[in-house]
1. Answer yes or no: is there a residue in the stretch 24-32 that is farther than 19 Å from residue 393 by Cβ and either assigned by TED's automatic domain parsing to the domain that holds residue 105 or in contact with a helix residue (DSSP H, G or I) (Cβ under 7 Å, 6 or more places away or on another chain) (or both).
2. Identify, from the list 132, 147, 141, the residue that is in contact (Cβ under 8 Å) with a residue 12 or more places away in the chain, assigned by TED's automatic domain parsing to the domain that holds residue 91 and surrounded by fewer than 16 Cβ atoms within 10 Å (Cβ to Cβ).
3. Taking into account only those residues within the stretch 19-50 that are in a strand (DSSP E or B) and of a type in the set (Gly, Ala, Ser), which is farthest from residue 386 (Cα to Cα)?
4. Could you check the stretch 133-162 and list, in sequence order, the residues that are farther than 28 Å from residue 57 by Cα and not in a loop (DSSP other than H, G, I, E, B)?
5. Quick one: count up the residues across the stretch 265-282 that are touching a residue at least 40 places away in the same chain (Cβ under 8 Å) and surrounded by 15 or more Cβ atoms within 10 Å (Cβ to Cβ).
6. If only one of 53, 65 is farther than 20 Å from residue 208 by Cα, assigned to a loop (DSSP other than H, G, I, E, B), in contact with a helix residue (DSSP H, G or I) (Cβ under 8 Å, 6 or more places away or on another chain) and modelled with pLDDT of 95 or more, which one is it?
Amino acid sequence: MTVAVSDHFADNGFSAVVDPLQHPCAQYFNGRTYISYQGPLEDAYVCAYDHRSGSWEGPVLAGVSLMGKPGSDQKKVDNHGRPALLVDDEGYVHLAFGGHGGHDGLGGNPFGVTRGRGEQTHVITDRPEDISSWSVLENVSKRGTYSQFVKMDNGEIFLFYRHGGHKSDWVIQRSTDNGRTFTAARPYLKHNLRSDMEGVRDSWYMWFTRQRDGIVGCMYVYHLCSDTDHQPTRYNVYYMTWDTVLDSWTNAAGDTLPIPLSRSEADQLTRVVDSQGNRCNHCVCKIDDDGNPLVLFRYGQPARIRFTRWRNGSWTEPVEITDTVVRQDGDMVVEDSGVIRVIMHGNHEGSGGEVAWWRSEDGGESWEKEQTVAESDQIRYHVSALVNDAHPDGQIVFYEIDPHSDEENRQLYLWGDSGLVQRVG
């Protein structure tokens, strides 16, 4: 009898399956890595890998999205409702997924002006560390877009998201009881109608992460958002932190920020890079051993990742990590030794792509390729944010894309220090 062995752990990923923005998509907890992703009909699926037995469970349908269903007026795959995953301190697995601003039937939006589609949905496993059955908890806003979970060392859970379509505030909901209840949505970054441009509003794309001592860090970019013609006009790079204990926001210099923040205040107090009208896009932020922030962002039409850090009271000149691939995205690890490592996907010019680790031993001033995870002259790849609290043998999730095919189904992979985590049987 032949037992099938595959490098991929699932083959029912659909369209843009995972992304660094909706994160984390995976978490290690008590011997198992739990992974969420967008599957058929844009629904949320989960797999689990047991590092002790080397066995996989799933895929399991964890939650149903209103988007992506036959017979709807949706013209194309939405891809904004990809799931974010979190395991609480009791071992229950949570997902937030399915929203792109909320459909018209939800009524008014107190934090935005633009209608959207779908409903942000919060589901939780019926039993701890068991992905076989799930229930919906009606305790988060249905108007969420770009759901992001952050769990602090004390077990507090924060859900960050944009409260509506493009022209909407970013908000927080907070839970102190393992996600059973959340506070009402509270805004911290404003959308506003611009007085100097007709029919244009401020909008934002943000990425959040737990730092230390009750601090959450975030980097973000500005979106010049037209009321009539949606374009990817994204500029500048920003950074700030939230002290969840004191409930205060500060910039890299430690100055207290007025919340909710407006565009003019963000420009004055939190701007990292003035892109001078050149396109920038979100990536990630981390801190070094001294608590100083390090920021990755994507720059220009080739969308190549650049690195900057706060040093001696100012942001360093951004450094491009590599020009060997385009349309890059990824995540960053700052090691205790001061070594900085970036995992990124990127496309080769013409066809194909790669997933690779890049390494800097001089504080980010120069970079060298450390290790190639996957590479092809035909297939392209897309990575998630790093697995939260990762096991060494399960650090990053990525999927394949065949640019020569209209097929939307994708194979997913889990990679760690021992290579790709295979699935047997």
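1. No.
2. Unique residue meeting the criteria: 132.
3. Per the criteria, the residue is 44.
4. 144, 145, 160, 161, 162
5. 8
6. The match here is 65.
Yes/no matrix, rows are residues, columns are (1) crowded, with 20+ Cβ neighbours inside 10 Å; (2) among the aliphatic types (A, V, I, L, M); (3) at pLDDT below 95:
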residue: 342; (1), (2), (3): yes, yes, no
residue: 350; (1), (2), (3): no, no, yes
residue: 354; (1), (2), (3): yes, no, no
residue: 376; (1), (2), (3): no, no, no
residue: 380; (1), (2), (3): yes, no, no
residue: 391; (1), (2), (3): no, no, no
residue: 398; (1), (2), (3): yes, no, no
residue: 410; (1), (2), (3): yes, no, no
residue: 417; (1), (2), (3): no, no, no
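The values are calculated or read from the model by the stated rules, or taken from the named source; none is laboratory data. Please read all numbers here as calculations on a predicted model, not as lab measurements. So basically every Cβ, Gly included, is an ideal-geometry build from the backbone, and we count neighbours across all protein chains shown.
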